[in-house]
């Protein structure tokens, strides 16, 4: 084996082991993320395969060469499993065991010859790496930029394996690992893939974690709605950009303390979730619904006039009044009081709008609750 090819094998193996250590560190910090285990094992298996390729004789039937090829298939099977686990999809062990068993069978079947076995193994590897590229590509809607780096890394190695399939179809060699310029080129592509796939695997996990933390900072954990911070952020955006006007509606569950006292805090939580569901069912995709306090909710309605905001808020109030919440003694019902402020009334600051909406809410409560108060804002 020439020095350059040997060096490329060694470089790929060392980088795989380095990233295996990085994946192990990531797993220790995030053990609930099962894809770290698959990525770690994949790198260890692939590194072992490359070491065996270096140790195997170039000519003749070799058990070491057979094992190296089977481990290569198993390693990319683990990579595919990791990709599916990262995407939240089923990742059965058959996705590893099936292709690996097929590779084993290729070396056990008599009379195939090195060229045909070489071609078939590379068909499997081409399919595996293309599937991994697809699994990362299909979830691109999540906005994680490192996803495109992973797609490129796996598409590149898949294309290189496809070239090897063509080499196997052409035949004319007696080794399970043809020692030629194509091997050197393949190992160079492999080096790019090894570095890129490892680096982008770490970075995409970091990007997702950052996005999750950012989302958690704007989310109410009980109802899944936006929290007060999300509400105020969106309200400031509307004040800056909504030239056509918008409305803010505040809602308060009537006599919520009585629900907790009579039915218990678990029933109170059910009431809060039911209120959140009712609000979401009756708004548009462009509206923001948030839980801004204990039993307080708010909606921002961009591009809606005062009459339209009143009609929508009344629909929500009636829908909540008609809803029965499961609980002791056949369940219970809750009602909502609401206050509306519209930006056309002159209030052009966050505090002024909320003060006007609060005035409408106070009017609704003072008028007997289970009604809507509209402030002139």
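The values are calculated or read from the model by the stated rules, or taken from the named source; none is laboratory data. Remember, predicted model here, so these are calculated numbers, not experimental data. For neighbour counting, all protein chains shown are included, and Cβ atoms are generated from backbone atoms with ideal geometry for every residue, glycine included.
Okay, residues lined up against (1) closer than 29 Å to residue 113 by Cβ; (2) touching a residue at least 24 places away in the same chain (Cβ under 8 Å); (3) in a helix (DSSP H, G or I):
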| residue | (1), (2), (3) |
| --- | --- |
| 38 | no, yes, yes |
| 65 | yes, yes, yes |
| 72 | yes, yes, yes |
| 88 | no, no, no |
| 91 | no, yes, no |
Among the candidates 170, 159, 201, 249, single out the residue that is at pLDDT 95 or above, surrounded by fewer than 19 Cβ atoms within 10 Å (Cβ to Cβ) and in contact with a helix residue (DSSP H, G or I) (Cβ under 9 Å, 6 or more places away or on another chain).
159
For segment 247-267, give me the residue count where each residue is touching a strand residue (DSSP E or B) at 6+ places or on another chain (Cβ under 9 Å) and more than 21 Å from residue 371 (Cα to Cα).
3
Sort out which residues of segment 173-194 are closer than 21 Å to residue 44 by Cα and touching a helix residue (DSSP H, G or I) at 6+ places or on another chain (Cβ under 6 Å), and write them in order of number.
186, 187, 189, 190, 191, 193, 194
Looking at 254, 307, which is the one that is out of contact with any helix residue (DSSP H, G or I) (no Cβ under 6 Å at 6 or more places or on another chain) and in contact (Cβ under 8 Å) with a residue 12 or more places away in the chain?
254
Yes/no for residue 338 being crowded, with 18+ Cβ neighbours inside 10 Å, over 19 Å from residue 367 (Cα atoms) and touching a strand residue (DSSP E or B) at 6+ places or on another chain (Cβ under 8 Å)
no
